[in-house]
């Protein structure tokens, strides 16, 4: 049975307790759109408060450390995320790769730690505008994924549900620019082929591949109806219930169609 469209909000470094009202509104709206799986990743400080308030949506983190604990000032382990009520973690976002110098090897270690802690993983990939203009976008993204996706001695039966890939062209994040439908279809098709190669048809053929990069209610239907697009990773438009659930509504209508 195909997985439901997955609409995930990344609040980034936004949100205090005053934002709990938006989280509650998102949760209430999600209860009316059961054909779509809705989730948000608030700052660490809000994971437990949102988890306590939410009845329908899943709550997750925007990162985690690869160690279970220890002398890592300022870091949060995957077990801590789970203990706070988190169900998933976003890893490898371009802002982490660029601002914190995260390598593919570190991201892979984090992904394995998150899965070991019982969390789902949303693993991000994407190219810069310079890389795309040079004609190396596909090769770059496939290299990223090959080096950062988790590996398994024995693949879990629910692998397709536990690992999600999010393609976010860096030049489209928060810029108002959006990749063309042809660009999205090409990259998602290449990612699908790689997932099948790595995990087999049963898992890789069913894993959701999200698109992220200036997704808004106005363009969501076109993006979400593109082949191999299984949902969206949403930044700024996820900060209000109206805009975020407008994207979720588009996802539900696409699924029905």
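The values are calculated or read from the model by the stated rules, or taken from the named source; none is laboratory data. Not measured: the values here are computed from a predicted model. All Cβ positions, even for glycine, are placed from backbone atoms using ideal geometry, and neighbour counts span all protein chains on display.
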Check your understanding: Restricting attention to the stretch 203-220, does a residue exist that is surrounded by fewer than 20 Cβ atoms within 10 Å (Cβ to Cβ), in contact (Cβ under 8 Å) with a residue 24 or more places away in the chain, farther than 24 Å from residue 120 by Cα and touching a helix residue (DSSP H, G or I) at 6+ places or on another chain (Cβ under 6 Å)?
Key -> yes
Revision key, fill the gap. Of the listed residues (140, 93, 100), the one being in contact (Cβ under 8 Å) with a residue 12 or more places away in the chain and over 17 Å from the mean Cα position of the chain (by Cα) is 140
Check your understanding: Which helices (runs of 4 or more DSSP H) sit wholly inside the stretch 89-175 and have at least 2 residues that are surrounded by fewer than 17 Cβ atoms within 10 Å (Cβ to Cβ)?
Key -> 94-99, 104-116, 129-133, 137-148
Check your understanding: How about the stretch 34-84: which of its residues are part of a loop (DSSP other than H, G, I, E, B), farther than 25 Å from residue 18 by Cβ and in contact (Cβ under 8 Å) with a residue 40 or more places away in the chain?
Key -> 35, 36, 64, 66, 67, 68
**Study point:** Test: residue 230 is at pLDDT below 95 and either in contact with a strand residue (DSSP E or B) (Cβ under 8 Å, 6 or more places away or on another chain) or under 20 Å from residue 123 (Cβ atoms) (or both)
**Key:** no
**Study point:** Exclusive hit being at pLDDT 95 or above, over 15 Å from residue 10 (Cβ atoms) and surrounded by 22 or more Cβ atoms within 10 Å (Cβ to Cβ), set 247, 196, 184
**Key:** 184
Practice item. Only residues that are surrounded by fewer than 18 Cβ atoms within 10 Å (Cβ to Cβ) and over 14 Å from residue 41 (Cβ atoms): list them for the stretch 60-87, please. Key: 67, 68, 69, 70, 71, 72, 73, 74, 75, 83
Review point. Under 25 Å from residue 253 (Cα atoms) and touching a strand residue (DSSP E or B) at 6+ places or on another chain (Cβ under 8 Å) - does that describe any residue in the stretch 133-146?
Key: no
Review point. Going through the stretch 9-34 one residue at a time, which ones are under 18 Å from the mean Cα position of the chain (by Cα) and surrounded by fewer than 16 Cβ atoms within 10 Å (Cβ to Cβ)?
Key: 13, 14
